[in-house]
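The block underneath contains the structure these notes are about, expressed in structure tokens.
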Amino acid sequence: MTKPRARALGLPFAGTPGPYNAITDVPGVRVGFTTLSDPAKGMRTGVTAILPREDSAAPQPVWAGQYSLNGNGEMTGTHWINDAGYFMGPICITNTHGVGAVHHGTTRWMIDTYAQYFGEGHAWAMPVVAETYDGFLNDINAMHVTSEHAIAALNSAVSGPVAEGSVGGGNGMISYEYKGGTGTASRQVSVEGQTYTIGALVQANHGLRPWLNVLGVPIGQHMTENRLMDREAGSIIVIIGTDAPLSGLHLRQFAKRAAIGIGRNGTPGGNNSGDIFLAFSTANPQPMPQNATAFSTKTTLNGEYLDPFYLAVVESIEESVINAIVAGEDAVSVKPAGITCKAIDTDRLAAFFRPL
């Protein structure tokens, strides 16, 4: 049974979401999961896949910008994103020890999906694969995730509502010492009569309980039971998508605002936390640069009009993290064994926001 999302609990988040309040509100964006759970094997992990656009026989550039608040983690392909302002193909998120297998599987999926493109000349694949550490709730050294799991997640990607909490790569994750995982939200922004969508998806595996704030309320100072740790030991991956026409520089500014988004919930960005963010735009579809003419033309928003978009980025990430937490279910640890990571008490959380 799906648990109520944060808004359904009565939490008064600002801004106007899209119809699904998810990254899939961005036209063409699809999300898929492979979720691996087997208590007998200490298995609680998986793969989350994001397909940014509806490609045809060949991939198209996805304009992008990247930012790392704290680099204790991995997101592949970012060197090229920072130099070229784009990537091609999917984005996948998994656990720390699954990056290689997922990269291998995603590359295989790209070669098979764009067979004609890869069959001609010397095309190359450099997919984006990110991770957070799930070794408390999952036997991460068993390396349960395989390339086939990545392919399955990619093949399952669809538009529409997005599952949250213990799904895909978020299956074994902990946030603010509650069961965390996958969360998503979106916002709509209008400029000059045109409405655009900003969507975020997070893999939330970060934060200490005393830091937790929800819409300015210091929840972690009041809900102190069942704590798990006394120092930061996790990470958070944030993926931001939009259909607004933006340059690579603008998208890097979007990615930077993810630090404010996660900061609204209380994290200062701990030393052991890999806080790594990527923003992409599906606007301006064009052929791959190596197959294009010498000159290209793109439409981009004037930077003077971006402040409402920056606010939408921050708000969607703030809500995504709380959606990940309220979707959580109790989970038992494997290392050390037998400790229950509790789901947040959503009734108690909601009570902080009921009128007196």
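The values are calculated or read from the model by the stated rules, or taken from the named source; none is laboratory data. If you're wondering where the values come from, they're calculated on a predicted model, not measured in any experiment. Every residue, glycine as well, gets a Cβ built from its backbone with ideal geometry; the counts of neighbours run over all protein chains shown.
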Cβ-Cβ under 8 Å pairs, at least 6 apart or on other chains, segment 316-332 side in contact (Cβ under 8 Å) with a residue 40 or more places away in the chain, far side of a type in the set (D, E) and crowded, with 24+ Cβ neighbours inside 10 Å = N323/E164; A324/E164; A327/E164
query = Does segment 8-22 include one or more residues that are under 28 Å from W109 (Cα atoms), not in a loop (DSSP other than H, G, I, E, B) and not charged (D, E, K, R)?
reply = no
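To keep it simple, each residue is scored yes or no on (1) touching a helix residue (DSSP H, G or I) at 6+ places or on another chain (Cβ under 7 Å); (2) among the β-branched types (V, I, T); (3) surrounded by 14 or more Cβ atoms within 10 Å (Cβ to Cβ).
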residue	(1), (2), (3)
N271	no, no, no
G274	no, no, yes
A279	yes, no, yes
A294	no, no, no
E304	no, no, no
note = For segment 1-38, the count of residues that are over 24 Å from V62 (Cβ atoms), at pLDDT 95 or above and not aliphatic (A, V, I, L, M) equals 11
ask   = Going through segment 92-117 one residue at a time, which ones are in contact with a helix residue (DSSP H, G or I) (Cβ under 7 Å, 6 or more places away or on another chain), touching a residue at least 24 places away in the same chain (Cβ under 8 Å) and surrounded by fewer than 22 Cβ atoms within 10 Å (Cβ to Cβ)?
value = T96, H97, A101, H104, R108
ask   = Mind checking which residues of segment 114-145 are assigned to a helix (DSSP H, G or I), modelled with pLDDT under 95 and either in contact with a His (Cβ under 6 Å, 6 or more places away or on another chain) or closer than 23 Å to A64 by Cβ (or both)?
value = Y117, F118
task = Scan segment 335-347 and give yes if some residue there is charged (D, E, K, R) and in contact with a strand residue (DSSP E or B) (Cβ under 8 Å, 6 or more places away or on another chain), otherwise no.
result = yes
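What tally of residues in segment 1-48 results from selecting those that are under 19 Å from F309 (Cα atoms) and surrounded by 24 or more Cβ atoms within 10 Å (Cβ to Cβ)? Spell out how you get there, then give the answer.
Of all residues in segment 1-48, those under 19 Å from F309 (Cα atoms) come to 13-27, 29.
Those left that are additionally surrounded by 24 or more Cβ atoms within 10 Å (Cβ to Cβ): 21-26, 29.
Qualifying residue count for the region: 7.
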